[in-house]
1. One residue is enough: does region 23-30 have a residue meeting the conditions farther than 30 Å from Gly84 by Cα, of a type in the set (Lys, Arg) and open to solvent by 70 Å² or more (accessible area, probe 1.4 Å)?
2. Go through (1) more than 16 Å from the chain's Cα centre (by Cα); (2) modelled with pLDDT of 95 or more one by one and return the number of the condition Arg19 breaks.
3. When region 49-74 is examined, which residues are found to be of a type in the set (Val, Ile, Thr) and either open to solvent by less than 50 Å² (accessible area, probe 1.4 Å) or modelled with pLDDT under 90 (or both)?
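The values are calculated or read from the model by the stated rules, or taken from the named source; none is laboratory data. Because the structure is a prediction, the values reported are computed rather than measured. So basically every Cβ, Gly included, is an ideal-geometry build from the backbone, and we count neighbours across all protein chains shown. Just so you know, the surface numbers come from the protein's heavy atoms only, side chains and all, with ligands and any DNA or RNA stripped out. Shrake-Rupley method; radii C 1.70, N 1.55, O 1.52, S 1.80 Å.
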Amino acid sequence: SPEKSRNIWCSKDSTAAWRNWMLDGVAPARTQGECDAGAIERNTALARKHRVNGTPAIVFEDGKRVPGAMSTEQIEKQLVASRGAK
């Protein structure tokens, strides 16, 4: 959610706010005032450009995109395949 992302990014302790959300499900407090959220906007633009619309998402060297989680073995196999495709 863009609003949650901004609230986490702009909180006084963004690391704690992120951990609280990810580990404990505690929504970040609504931020007040000005905050430079340019990094969030740049990340969103990059995701749109590369059609990444969820996490996790992995993009390999050969351009193959994999939505969702992969096992270590699957990642290693794809890394070898991607390297050979160059």
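1. Residues of region 23-30 that are farther than 30 Å from Gly84 by Cα, as a first pass: 23-30.
Within this subset, residues satisfying the condition of being of a type in the set (Lys, Arg) are 30.
This time we only want the ones that are open to solvent by 70 Å² or more (accessible area, probe 1.4 Å), so: 30.
For region 23-30, residues farther than 30 Å from Gly84 by Cα, of a type in the set (Lys, Arg) and open to solvent by 70 Å² or more (accessible area, probe 1.4 Å): present.
2. With respect to (1) more than 16 Å from the chain's Cα centre (by Cα); (2) modelled with pLDDT of 95 or more, Arg19 is out only on (1).
3. Within region 49-74, the subset of a type in the set (Val, Ile, Thr) is 52, 55, 58-59, 66, 72.
Selection gives Val52, Thr55, Ile58, Val59, Val66.
So that you can scan it fast, the table gives a plain yes or no per residue for (1) at pLDDT 95 or above; (2) farther than 22 Å from Lys4 by Cβ; (3) part of a helix (DSSP H, G or I); (4) open to solvent by 90 Å² or more (accessible area, probe 1.4 Å):
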residue: Cys35; (1), (2), (3), (4): no, no, no, no
residue: Asn43; (1), (2), (3), (4): no, no, yes, yes
residue: Ala47; (1), (2), (3), (4): no, no, yes, no
residue: Leu79; (1), (2), (3), (4): no, yes, yes, no
residue: Arg83; (1), (2), (3), (4): no, yes, yes, yes
